[in-house]
Every structure is written in C-alpha cells, then in structure tokens.
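The values are calculated or read from the model by the stated rules, or taken from the named source; none is laboratory data. The shown structure was predicted, so the numbers you read here are calculated from the model rather than taken from an experiment. All Cβ positions, even for glycine, are placed from backbone atoms using ideal geometry, and neighbour counts span all protein chains on display.
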Amino acid sequence: MNSGYRVASAGIHARRFVAIGRDGLPDTGAPLSAEGSAPSQKRTRQVASRNAPSVINAVQYYRLFWDGRASNTFNGRTSYGEDDPTAFILVEDRGQLTASSVRIEDAGLASQAVDPPINSKEMSYEGRSWPTIGKRMLSARPLAKQRVASDDSVLGPFVGDAKRGLSPALTYLELIQAAFKPEYWRSKELVSAGGRVEGGAASADSEFTQAEFNFSLFFGLAVQAYESTLVADASPYDRYASGDAKALTFVQQIGLGLFRQHRCASCHVEPELTLATPVAVRGSKDYAALGPDAGFFFTGVEPTDNDSGLGARDPFGNFLSTTARNRPQAATWMRGMFKTPNLRNVELTGPYFHTGSKSTLEQVIEFYTTAGDYPTPSLLVWGPHPMDRIAMPALLKALTDERVRFERAPFDHPELCVPGEDRWASIPQVGARGNRVPLQTFEELLRGVGRDGSRAHNLVTSCSILQ
C-alpha cells in the first residue's frame, strides 16, 4: 500500500441554504451543482474526512477532534477558542447590546459541539449560520416528533401526553431562559447576522434577536453539560482496577499484562486510557506537565501526506500544534499526529482509527504487532504471538460498561433516526432501565448477528419521525 484508505462517517447531501424553516418545517435548501445537474443522477450523501469517534467519556479530553482543533477554551461561537479574533456574543447592559468576548476554560466539548451544525459536509446547508439556526430552533418544541420514554432518566418528567416530544408548553427559548442569565437573551433589539444592531420587527430572515444571535453559546454549553454525564467507568476492567481480582477472566488478565508489556499503556494511560487529558497537559504531583499536545502521536495507519492532523493550521493561520507554534521548525514533525482515543466500549464503536480502516479488534492487534501499516517512530514491532491475538482482544472487550451495552441510565435516550440513501432507520427510545437485549458489537453488525431481535437497534425498522 502507498496511499491508505478510509471508511469515514456519512454526512449530508450537498445543498445551499435558501430560507429558514417555519412552524417545525425543515430549512429550504437548493442542490449544489457539484452533485451533478442531470435530473436522473442519484444524489448521494457526502462523506466526512474522518471516522467519527464516540462521545462517551469525551469529557476526559483536553482538546477535541482527532486533530485537536477544538480548543479547551470555548469562545461561544466557534471551535478555535482564543485563536479566533472574530468570535463574540452579545450581552445586554443597561438597555444596550454590547459585543463581548467569551473565554470559558475546560470547555473543549462546547468548542467541539459548535462545529458540525454549520459544517456543510456534516450537518448544514452551505451558507447557514448560527443565528439562522437560532431563529429556527428557539420557537420549536423540543424533540417535537421524537418518541421519548416516560421513564427517561432526564426527560421523563417533561414528556408530553402523546409520548412525542416534551410538554407542549415548552420551547427551546423557555429552556434557555431558565438556564442562562437574562443579560444573554432578554434584549428585544434586532441585529444582523454579523451582530450589528438593526432595530425594527423580527420578521425577515436577515434580522435576529439577541437570543438567536447567541444560540451558539447556549448550544455549545448545553451539549457539553449533557455529554459530561456520559462517563462509562463501571466495566470489568474498572472493577479489577478497584481491587476486584475476579472481575477479569484469566485470559483478560494475561491481556492486561501484555497491554502493559507492549507499551500500549504509554499512550492509553490508565485509568482514562488516553494521554490527551487535562492531567497530562497540566501535570500533577506525580507527573510533569506535557503541554497541550499531550496525547497526540503518529499512528501509522496511513501516509503522513494524506492528512496533516495536528500539523495543520487553523483558518487564522495558527498551527494546531502548540509545539509548532513555539518552534515553527518543528511543524514538519507534527504532521500526521492524531489524538489517542480512550478505549472504553471499544468493541461497540468500530470501525477503528481516524481512518476507520480496521474493522475488528483482532485486526487492530495485528496492526500493532507489526508497528503499523506505514513507518512511524511511535510504534515498535512486538510480535506476532498467538497469545497476543487472543488475550489482548479479550482485554479490550472487558472495557465495555454494561450500562452502555444495554443503554441504561445515563446512556438512555429519545428516539433517534439514522439516515441512509433510501430511508431513515429507527433507533427506538430507551428509558432509564435500558433494553432487554444488548447492543450489537461492531463485529456482530458486520456479521449480521442480531437481526432476529437478539440485539437492540438492528436498523431494520423505518423511523417513525418521518411517517
């Protein structure tokens, strides 16, 4: 191989934003010419540049995204923290709206959350902005068309009588008003998409209230608050690490020994199983600080020229790598470095690596025994040995939290829809007690195990939201 390959996450159809949807209807968009102009040509979804990782335990990262571009400091507007000189929100002070900079530390999840909704490949029509999203969302009834379990661990008390959406009395604006200080939403002045005071009535798509303009701030912090509850820390491995010697099988204990012997724990540092954490960045009484590039390594899954990773620059010309900023001559050495993910629930979250180029845990172990598919200074050849192929995958399967496997609280959720080319598949709502059957592992998904109902969410049922 000399070019590598990817199995990346699905995005949306390429469309240009035209108008804001009203009364719960979707926004209007027009197909982009890049899709092809022939009426008979089937339009297909775009493909993201990388394989999306799990959000479970993502609160333990210092920076987000594979390349670390989501800053630990949230600026209320974009992913780039203090590096974005254009980012501001509007604050009402004595009747006047004032542009104000936001600097919220330890908020990498919020920085990450505000990128996909305006990314024209992942979730957004090209040209749609945060104020236009705010205008559509603030008058909407939360989860209006989605089924919500009456015993949902968070939303259950607010479920509407029809079991779809929350109470008809609730809107997103009312929830924001209950959660955020008034100076961030109370003004009735109207502003342009750029934040300039307009005056007049809020009737045109080009005029926005303060709350609509600041919606990115509310969205980012709200998503961060939710994702911060998604901490899986009750796997057999966790129980073993807490002193339960019987929590791991004999084979899994051998796998843990091999995991440490082969230096896997140098990048997947226990107990978080990643080095891309605030503790690694800032140091502790036991360890010296490694700086914001902690937890980023050459992975060897594709040629460095394919993807610069941490060695890239942000839209403002800054290196993503702090090392490269301090020593520009080191920029070349940062190319091809990516964040080391934590390994919790890894049997459920394939395909693997930022390229999605490995489909089974056995393939991942085989990859490491030969020090990667492409040369990298981060890896050493250490095999293969038959016990590696058996014991180490067994250990990785011991990292699954049973609450995640059965979607028990806090991992329960409303009804979700997964888009395909021809239909939307349903992931039914789950309450606090979870499912009676487990989720498919990724390997079971590939093999078709669970289509008989022995696994939850086999994606054979069409989504009720669109019916």
Restricting segment 85-102 to residues that are in contact (Cβ under 8 Å) with a residue 60 or more places away in the chain and charged (D, E, K, R), the one surrounded by the fewest Cβ atoms within 10 Å (Cβ to Cβ) turns out to be Asp93
Does Gly311 fit the bill of being of a type outside the set (Lys, Arg), surrounded by fewer than 18 Cβ atoms within 10 Å (Cβ to Cβ) and within 22 Å of Arg69 (Cα to Cα)?
no
Take Asp286 and decide whether it is acidic (Asp, Glu), surrounded by fewer than 16 Cβ atoms within 10 Å (Cβ to Cβ) and outside the structural domain of Arg69 (by TED's automatic domain parsing).
yes
Confirm whether Leu361 is buried (at least 17 other Cβ atoms within 10 Å of the Cβ) and within 15 Å of Ile254 (Cβ to Cβ).
no
Search result, residues across segment 249-267 that are surrounded by fewer than 18 Cβ atoms within 10 Å (Cβ to Cβ) and under 20 Å from Ser378 (Cβ atoms):
Arg260, Gln261, Arg263, Ala265, Ser266
Checked Ser266, Ser228 against criteria (of a type in the set (S, T, N, Q) and modelled with pLDDT under 95); the one match is Ser266
Being crowded, with 16+ Cβ neighbours inside 10 Å, on the phi < 0 side of the Ramachandran plot, in contact (Cβ under 8 Å) with a residue 40 or more places away in the chain and aliphatic (A, V, I, L, M) is true for just one of Leu395, Leu380. Which residue is that?
Leu395
Of all the helices (runs of 4 or more DSSP H) wholly in segment 144-237, which have at least 1 residues that are exposed (fewer than 15 other Cβ atoms within 10 Å of the Cβ) and not aliphatic (A, V, I, L, M)?
172-179, 215-227
Which one is farthest from the chain's Cα centre (by Cα) among residues in segment 40-83 that are of a type in the set (A, V, I, L, M) and modelled with pLDDT under 95?
Val47
Does at least one position in segment 376-396 carry a residue that is under 19 Å from the mean Cα position of the chain (by Cα) and under 20 Å from Arg263 (Cβ atoms)?
no
If Thr340 passes every condition in (1) crowded, with 19+ Cβ neighbours inside 10 Å; (2) among the β-branched types (Val, Ile, Thr); (3) without any contact (Cβ under 8 Å) to a residue 60 or more places away in the chain but one, which one does it miss?
(3)
If you scan segment 63-84, which residues turn out to be buried (at least 22 other Cβ atoms within 10 Å of the Cβ) and either in a helix (DSSP H, G or I) or in contact with a His (Cβ under 8 Å, 6 or more places away or on another chain) (or both)?
Trp66, Gly81
What is the residue count in segment 217-235 for residues that are within 13 Å of the chain's Cα centre (by Cα) and of a type in the set (Asp, Glu)?
1
Working only within segment 404-439, note down all residues that are in contact with a helix residue (DSSP H, G or I) (Cβ under 8 Å, 6 or more places away or on another chain) and not in a strand (DSSP E or B).
Val404, Arg405, Arg408, Ala409, Pro410, Phe411, Glu415, Gly431, Ala432, Gly434, Pro438
Within segment 238-273, restricting to residues that are β-branched (Val, Ile, Thr) and part of a loop (DSSP other than H, G, I, E, B), the one that is nearest to Asp286 (Cα to Cα) is Val269
If you scan segment 104-143, which residues turn out to be within 19 Å of Phe213 (Cβ to Cβ), more than 21 Å from the chain's Cα centre (by Cα) and in a loop (DSSP other than H, G, I, E, B)?
Gly127, Leu138, Ser139, Ala140
Tell me whether segment 282-300 contains one or more residues that are outside any loop (DSSP other than H, G, I, E, B) and over 24 Å from Ala8 (Cα atoms).
yes
Considering segment 290-309 alone, what residues qualify as being closer than 18 Å to Glu82 by Cβ and touching a Phe, Trp or Tyr at 6+ places or on another chain (Cβ under 8 Å)?
Pro292
